[in-house]
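For reference, the structure discussed in these notes is given below.
We did not get these values from a lab; they are worked out from the coordinates using the rules stated. As the structure is a prediction and not an experimental result, all values here were calculated from the model. In this analysis, Cβ positions are derived from the backbone assuming ideal geometry, glycine residues included, and neighbour counts consider all displayed protein chains.
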Amino acid sequence: MLKVALNGASGLVGSRIVELLQNNFQFIDLPQSQMDITNSEQVNQVVSKTDFDIFLHLAAYTNVDAAEINQRLAYKINVEGTRNIFQAVTQKNKKFIYISTGFVFDGENPPYDESSQPHPLSTYAKTKWQGEEVVRSRSMIVRIEYPYRAKYDLKKDLLQTIRSLIGNNKTVYAVTDSIITPTFIDDIAFGLKYLLENHSPEIFHLVGADSLSPYDACKTIADVFNLNKNLIQPTTSEIYFKGNAIRPKNAIIKSIKNHFYKMKTFKQGLT
């Protein structure tokens, strides 16, 4: 059985990957309490004594708005932390998978596939792109976008946030003039199963089968879960994100390489 060391195993995406694929791989969790990725000496010590075949690097600073305030910390985790782990893993001649994001694109000339040239806008996006540059050509890079799942108590994704607000009879203001590509985390997990078993040092996108505005996404959530659609009100990107980090406006992310696992549309994933 393939041995997969990973960090971020308790997060929104990582915990579901482990849950769904635990019978396919031997997962070796290396949490922050055991290995602080910003501490190169500690990383070298832990990685050197860990027996694994592939390292799955999920841990990251992902708070897009807070990254603008904590730029140094975002860089330390997403770039220096990635470099520390990657160097330790390559010293053992082991394989590496870096989980990245569609935020590396600027959203000006969609759609974006694996051959598209990144142009990150925010601090978060720039640090994830710099992380890609650390491992490029010697590692697999897997970009995901707006991941959601059925249930996760520690952090609310798009789905859980909207369900909670409307369920509590609160108005939701949703952007009409931008596009996102929501991705069902179960699909990410099963797509990763193939990529773990067929590792190659290239870029892959594991993203939802369709893209839509946040407004339409909220309406779809309301339809599928029989929620009050009247509580969903339209707004613009300029108003909604005023004072926050800039986002890619038309994040239509596609894949021209994923011929191995059929990703669901947003409605299919919700269902």
_Just want the answer: with Cβ charges of +1 for Lys and Arg and -1 for Asp and Glu, which residue in GLN91, ASN250, THR220 is farthest toward the dipole's positive end in the chain?_
THR220
*Quick one: check the C-alpha center-to-center distance for the stretch 90-112 versus the stretch 53-83, whole angstrom.*
13
*What does the helix-only formula give at 222 nm for the chain: each DSSP H stretch with n ≥ 4 adding -39500 (n - 2.57), the total divided by the residues, and the result rounded to the nearest 500 deg cm²/dmol?*
-9500 deg cm²/dmol
*Would you mind giving the average projected area, over all directions, of the Cα convex hull of the stretch 84-154 in nm² with one decimal?*
6.5
*Calculate the dipole size of the chain relative to its Cα centre from +1 charges on Lys and Arg beta carbons and -1 charges on Asp and Glu beta carbons; express the result in debye to the nearest 20.*
260
*Can you list the aspartates and glutamates whose alpha carbon is less than 13 Å from that of LYS242, not counting same-chain residues fewer than 8 positions off?*
ASP65
*Sequence of ILE253, ILE185 once ranked by neighbouring C-beta atoms within 10 Å, starting from the fewest*: ILE185, ILE253
*Considering the options VAL134, ILE179, ALA9, tell which one lies farthest towards the positive end of the dipole of the chain, charges being +1 on Lys and Arg and -1 on Asp and Glu at the Cβ, about the Cα centre.*
ALA9
*asked:* Please give the Cα centre distance for the stretch 1-40 versus the stretch 190-214, rounded to the nearest Å.
replied: 18
*asked:* Modelling each spin label as a point 7 Å along the Cα-to-Cβ direction, I'd like the HIS199/GLU133 distance in nm, to one decimal.
replied: 2.5
*Rounded if a/c under 1.5, otherwise prolate or oblate - the stretch 10-73, Cα gyration tensor axes*: oblate
_Report, in listed order, any pair from LYS3/LYS193; LYS229/LYS267; LYS3/LYS95; LYS151/LYS193 with a Cα-Cα distance greater than 18 Å._
LYS151/LYS193
*Total charge dipole magnitude, the stretch 117-271, about the Cα centre, Cβ charges on Lys, Arg, Asp, Glu only, Debye to nearest 20*: 160
*Using a Förster distance of 30 angstrom, determine the FRET efficiency expected from the C-beta separation of SER10 and ASN230, and round it to 0.05.*
0.20
*asked:* Explain nothing, just the number: dipole magnitude of the stretch 101-180 about its Cα centre with +1 on each Lys and Arg Cβ and -1 on each Asp and Glu Cβ, in debye rounded to the nearest 20.
replied: 480
*Order of THR50, THR220 under a 10 Å beta carbon neighbour criterion, fewest first*: THR50, THR220
_Just want the ordering: LEU206, LEU270, from fewest to most Cβ atoms lying within 10 Å of their own Cβ._
LEU270, LEU206
_Full-extension gain in nm, LYS76 to GLN91, via 0.36 nm per residue minus C-alpha separation_ = 3.3 nm
_Under 8 Å for C-alpha pairs, at least 6 residues apart: give me the relative contact order for the chain, rounded to a whole percent._
21
